[in-house]
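A short worksheet on the structure shown next.
The values are calculated or read from the model by the stated rules, or taken from the named source; none is laboratory data. Bear in mind the structure is a predicted one, so any value in this text is a computation, not a measurement. With ideal geometry, Cβ positions are generated from the backbone for all residues, glycine too; neighbour counts draw on all protein chains shown.
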Amino acid sequence: MLQLYGKPIFTIDGTDDDLQFEQVIDFSGGENDYVRSTLIAQNQCQKLVNVIVRDNYEAWTRPGADPYAAQISANPVESLTYFDTPANKFLLAVCDGKLEACAGQNQAWESAFTSSTTIGGVANACENGATSYTAANTDILVEIEQGVDVVLISDGVNAMAMLDGDLNLGTCNTTSTDPPVGANILCYAAGRMFAAGFSGIGGSAVPRDTIAYSNLLSFGDGQWNNTTQSFRVGAGDGDPIMALYPMQANTLAVLKANSIWLVNVSPSGTSLPDSDANWQASSLIESVGFGVGCVGKRALCGMGNDVFFMAADGVRTIQRMQAAAGQWQLSAPISLPVQQYIEQINPAYQQNIVGWSYKEFVFFAIPLGVSAVNNAVLVYNTRLGSWMGCWTNWTPTAGVTTRFNAVEQMMFGDSNGYVNYWKDAASNTEPTTYTDNSVNIPTTIWTRSFQFLQAVNDKFPYNCTLRFTAGTATVSVSAVTDLATTISWQSNLAAVGDILGVGHLGPFQLATVKPTKVEKSLRSIPAFNEMYLSISTASGYVQLRNITVAAFLKALDN
């Protein structure tokens, strides 16, 4: 209190209040939009869009993706498979119902193949040669599954086809000992090809909970038996098979619409005969869970010992239990931190959800809102055990990891007829790394809500400090107090040395590959109870290292 001749003039509120600090030291916790923003962990954010957090725990603008080869057509890429043989390697795609092969980056797509009945060195593996493959319709999800240096191809309607590493193509016959017509799910496990996804329609149709299987190490014509080499999962409970996936210890995961099962498909041993004929697995089927299933035949992927899949209530896993050998368990939904996106999935098109894995990441491409295509990608970092939030700009229809020239690379087909490669190995300081086919990538980071360790008292804001490792972008920042935007940085700042924007409003221009500190006074903001920062860019990239916010704790009035 100031006095003049012993009489008070005015008081200065806040000078005796404690200065408190809140920090975001790292971003390894990823996004958590399920828990109230004041209660999430210190390393978590309430929203991340087009952000990647890797081993340095910094929040980076994600790398973009560019076309791997020429556009196949203007229609979606319905199927995508990496075909790897000792002789040749190809990227196989189905677009407009036609099978296409590409031998490498910027190579032409080939749809004309060599007509042959000798496939993979096996004479008459297919009885009929063919020069091209065309599915029953132009938008069907054709299955392409590799085994013994040959791929088996099925659209679930026509006779299956086979293609080898020399691009010899043949069409299979349709007798009871040939690859079964009507199966739209294929899976190669324990040396056999398994076929499922039958329609179950009609009096003589194959029930839709049936799995047919081939002879050991051979799945062409004459290598099946619809009578003796098939079994049903679920004992006729009416629950259709949605997906198959091979697991460790010769175990086949069978994901139905409303239940999960495991089948022992060991090719030999005391429980199963060595011969191929009359091979039955019905006595070796066990249930893992009921009331939970998979939404689509591609809505799953494997990572390590686990299978990740999209259920109606979010992403779950089938996990191998560490404490009990040979035992498996079904997890609770692990996608709660991104639940806001799960609840926006368009149920009319959830069967087209695509899951795939690459390095430490698991990706799920989903259709949000009223979208008929997958217009968002949820990204899970298995090393950190956290979700990277949502990635936009992409419309994946299929995803795969390739190994051309012994280099791992992530590819995905999209709704515009392109196969794209992710530029995660490109220079992290090159601006073109952060574009999707020349389209800018917008980035959004919403921090957790800061209460400065006191939920009751109001606070007088003081300042904030943002530290960037590098970047070249116009960054917009807003302070949101008590769920309402209070102040936004609006000015553009030019780079000056290593310190940018001290004492100025933004957005500020980052143009350095050196560590950069940006400070801003918040004294103009009224008192508040909680506050978070919204940080966004429309183009370029940022590498955000940490955030510090300071405020005075307001004492309670009488």
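Is it true that some residue in segment 102-122 is under 22 Å from the mean Cα position of the chain (by Cα) and buried (at least 17 other Cβ atoms within 10 Å of the Cβ)? No - not one qualifying residue is present in segment 102-122.
Entry remark, segment 38-82: residues being among the small types (G, A, S), crowded, with 21+ Cβ neighbours inside 10 Å and more than 24 Å from V400 (Cβ to Cβ) number 1 in total.
Cβ separations smaller than 6 Å between residues 6+ apart or across chains give no pair from segment 400-422 residues that are without any contact (Cβ under 8 Å) to a residue 60 or more places away in the chain to residues that are surrounded by 24 or more Cβ atoms within 10 Å (Cβ to Cβ) and assigned to a loop (DSSP other than H, G, I, E, B). For segment 16-37, the candidate set comprises residues that are of a type in the set (V, I, T) and surrounded by fewer than 22 Cβ atoms within 10 Å (Cβ to Cβ); within that set, the residue that is nearest to the chain's Cα centre (by Cα) is V35.
Being among the small types (G, A, S), touching a residue at least 12 places away in the same chain (Cβ under 8 Å) and in a loop (DSSP other than H, G, I, E, B) is true for just one of G170, G200. Which residue is that? Testing whether each residue is among the small types (G, A, S), touching a residue at least 12 places away in the same chain (Cβ under 8 Å) and in a loop (DSSP other than H, G, I, E, B) leaves just G200. A count restricted to segment 458-473 and to residues that are surrounded by 18 or more Cβ atoms within 10 Å (Cβ to Cβ) and closer than 16 Å to N56 by Cα stands at 4. Just one of the listed residues (K98, K89) is without any contact (Cβ under 8 Å) to a residue 40 or more places away in the chain and within 20 Å of N168 (Cα to Cα), namely K98.
Is one or more of the residues making up segment 143-151 in a loop (DSSP other than H, G, I, E, B), under 20 Å from S115 (Cα atoms) and modelled with pLDDT of 95 or more? Steps first, please.
Here is the first cut: in segment 143-151, the ones in a loop (DSSP other than H, G, I, E, B) are 148-149.
When the remaining residues are screened for being under 20 Å from S115 (Cα atoms), the result is 148-149.
Then drop every residue that is not modelled with pLDDT of 95 or more, which leaves 149.
Checking segment 143-151: at least one residue is in a loop (DSSP other than H, G, I, E, B), under 20 Å from S115 (Cα atoms) and modelled with pLDDT of 95 or more.
Are any residues in segment 475-490 surrounded by fewer than 19 Cβ atoms within 10 Å (Cβ to Cβ) and either part of a strand (DSSP E or B) or among the charged types (D, E, K, R) (or both), and if so, which ones? Spell out the reasoning first.
Narrowing segment 475-490 to residues surrounded by fewer than 19 Cβ atoms within 10 Å (Cβ to Cβ): 476, 478, 482-488, 490.
The answer is S476, S478, D482, A484, T485, T486, I487, S488.
Counting residues in segment 83-94 that are under 23 Å from the mean Cα position of the chain (by Cα) and in a loop (DSSP other than H, G, I, E, B) gives zero.
Among residues of segment 209-245 being of a type in the set (A, V, I, L, M, F, W, C) and over 29 Å from the mean Cα position of the chain (by Cα), the one that is modelled with the lowest pLDDT is A235.
Considering N405, N457, the condition of being assigned to a loop (DSSP other than H, G, I, E, B) and polar (S, T, N, Q) is satisfied by N457 alone.
Applying the condition of being buried (at least 19 other Cβ atoms within 10 Å of the Cβ) and in contact with a Ser or Thr (Cβ under 8 Å, 6 or more places away or on another chain) to segment 195-205 and asking which residue is modelled with the lowest pLDDT yields F198. Taken residue by residue, segment 246-262 has at least one member that is under 25 Å from the mean Cα position of the chain (by Cα), part of a loop (DSSP other than H, G, I, E, B) and modelled with pLDDT under 90.
With respect to N158, is the statement that it is free of Cβ contacts under 8 Å to residues at least 60 places away in the same chain, surrounded by fewer than 21 Cβ atoms within 10 Å (Cβ to Cβ), out of contact with any strand residue (DSSP E or B) (no Cβ under 6 Å at 6 or more places or on another chain) and not acidic (D, E) true? Against the criterion (free of Cβ contacts under 8 Å to residues at least 60 places away in the same chain, surrounded by fewer than 21 Cβ atoms within 10 Å (Cβ to Cβ), out of contact with any strand residue (DSSP E or B) (no Cβ under 6 Å at 6 or more places or on another chain) and not acidic (D, E)), N158 qualifies.
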